[in-house]
Amino acid sequence: MNIADVAYLPEQPAHDPEIEHINAEAFGPGRFARAAYRIREGGPHERALSFVAIPENAVIASVRMTRVAAGEGTALLLGPLAVRPAYKNLGIGRRLVRIAVEAAGKAGAAAVLLVGDAPYYGPLGFGKIPRGQLSMPRPVDLGRILVVELKPGAAAALKGMVDHEDRIKAAFSLLPVHGEKVARRAG
Ligand SMILES: CC(C)(COP(=O)(O)OP(=O)(O)OC[C@H]1O[C@@H](n2cnc3c(N)ncnc32)[C@H](O)[C@@H]1OP(=O)(O)O)[C@@H](O)C(=O)NCCC(=O)NCCS
């Protein structure tokens, strides 16, 4: 394979079975127990901001992005990122991260968040979130929560529990709205 022949394309529904296989191969059954997996279960990922690497006809690497929120802040959660073993150490993972972060910026995202290894993601612009600023719906090594800011102040706005934006919106829609109660009583 010539690395120059690898196409980086937005993900399509037809790629799903290959992506599932790549993630199963990279993370095994333990992936279902991860904090980031639990967050991603809360709703769909953003296909237009998720990318695959295709040298010929087959997907050999994938990165997904999912809309999340925490406190006043919003972000895209990057992951899973996985490259098929035969294609590792060719720069494909880094390229996918750069493409996804750039696309997130163009789409107006405030920040990109992930759970991962700082030595890998640091050179790609990610920094650590201060310990205790964020938590996740399952146990997570807080030192592995990394962020890249796309808008000034976006990292500081992320506070408390990180969850899928859809799950947070759904939870808020179940709360009684004060104004509605008053209106019902008055009527
Ligand atoms: C991690 C992963 C996505 C990297 O993809 P890749 O295409 O092989 O990586 P790249 O070619 O872009 O970068 C390779 C470099 O990153 C380094 N690297 C790879 N994984 C690393 C890690 N976890 N921590 C630090 N450095 C890492 C390699 O040693 C190599 O360093 P070098 O350039 O100095 O030789 C890939 O190995 C993979 O799919 N791993 C299994 C799934 C996984 O762990 N995903 C990341 C979740 S946070």
Place a point 7 Å from the Cα of A33 in the direction of its beta carbon; the residues of region 101-136 whose amide N falls under 19 Å from it are 115-116, 136
Looking at the chain only, what percent of DSSP beta bridges run antiparallel? Nearest 5 please. 85
For region 56-73, just list the computed ³J(HN,Hα) in residue order, Karplus coefficients 6.51, -1.76 and 1.60, θ = phi - 60°, integers in Hz, with x standing in for Gly and Pro. 10, 10, 9, 6, 10, 7, 8, 9, 10, 10, 9, 6, 10, 9, 7, x, 7, x
Apply 1/(1 + (r/R0)^6) to the Cβ-Cβ distance of E41 and N2, taking R0 = 45 Å, and write down the FRET efficiency to the nearest 0.05. 0.75
Taking Cα atoms, how many degrees apart are the long axis of helix 16-27 and the longest axis of the chain, rounded to 10 and kept between 0 and 90? 80
Can you bin the chain into rounded, prolate or oblate? Criterion: square roots of the alpha carbon gyration tensor eigenvalues sorted a ≥ b ≥ c, rounded for a/c under 1.5, prolate for a/b above b/c, oblate for the rest. prolate
Along Cα→Cβ, 7 Å out, is where each label goes; now give me the distance between the ones at L174 and M161 in nm to one decimal. 1.0
How would you rank 105-111, 15-21, highest first, on the average number of other Cβ atoms within 10 Å across their residues? 105-111, 15-21
Dipole in debye (nearest 20) - the chain, about Cα centre, beta carbon charges: Lys, Arg +1; Asp, Glu -1: 680
Nearest 500 deg cm²/dmol is fine: what mean residue ellipticity at 222 nm does the chain get from its DSSP H runs of n ≥ 4 alone, each adding -39,500 (n - 2.57), divided by its residue count? -9000 deg cm²/dmol
Straight-distance crosslink candidates among aspartates and glutamates, where the alpha carbon sits under 12 Å from K159 and sequence neighbours closer than 8 are dropped: E72
Just to confirm the number: angle between the C-alpha axis of helix 165-174 and the first principal axis of the chain, 0 to 90 degrees, nearest 10? 20
Quick one: Cα centre-to-centre distance for region 1-24 and region 103-158, in angstrom? 24
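No value in this document is a laboratory result; all are computed from the given coordinates. All figures in this text were calculated on a predicted structure; none of them were measured in a lab. Neighbour counts are summed over all protein chains in view; Cβ atoms, including those assigned to glycine, are modelled from backbone coordinates with ideal geometry.
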